[in-house]
Amino acid sequence: MDPRSGRADRAARDELNLGGVFVSFDDEAALRECRVALLYIDAGTPNADLARAVELCPGLMIARTIGSGHFSPLVVPEQVNAVLERFLRLAFSG
């Protein structure tokens, strides 16, 4: 249990230290409450439970870049641009 927020173990993992100020972020609640088009561009790093994210936010679109790691926009900008163009076309057509 995190003494600052009263939340379980996950809270400690999800806290950010921004200049000495602790900010909690509940990603599950954010996904559950999301009502806008949402795109997640994955670089193949095992840091996200994407199946769970889609359960929580059925409108979530997921794409994956190949061969870039964390620097997709710099290493494979053509892949990122193609993903963004498709997302915008699908999310805002009609």
Residue check: is Glu28 among the acidic types (Asp, Glu), part of a helix (DSSP H, G or I) and surrounded by 15 or more Cβ atoms within 10 Å (Cβ to Cβ)?
-> yes
For segment 45-67, which residues satisfy the criterion of being over 23 Å from Leu88 (Cβ atoms) and of a type outside the set (A, V, I, L, M, F, W, C)?
-> Thr45, Pro46, Asn47, Asp49, Arg52, Glu55, Gly67
Please name all residue pairs, on different chains or six or more residues apart, with Cβ atoms under 8 Å, provided the first residue is in segment 34-54 and is in contact (Cβ under 8 Å) with a residue 40 or more places away in the chain and the second residue is assigned to a strand (DSSP E or B) and charged (D, E, K, R).
-> Ile41/Arg64
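A short reminder: the numbers here are calculations on the coordinates, not readings from a lab. Note that the structure is a prediction, hence the values are computed from the model and not measured. So basically every Cβ, Gly included, is an ideal-geometry build from the backbone, and we count neighbours across all protein chains shown.
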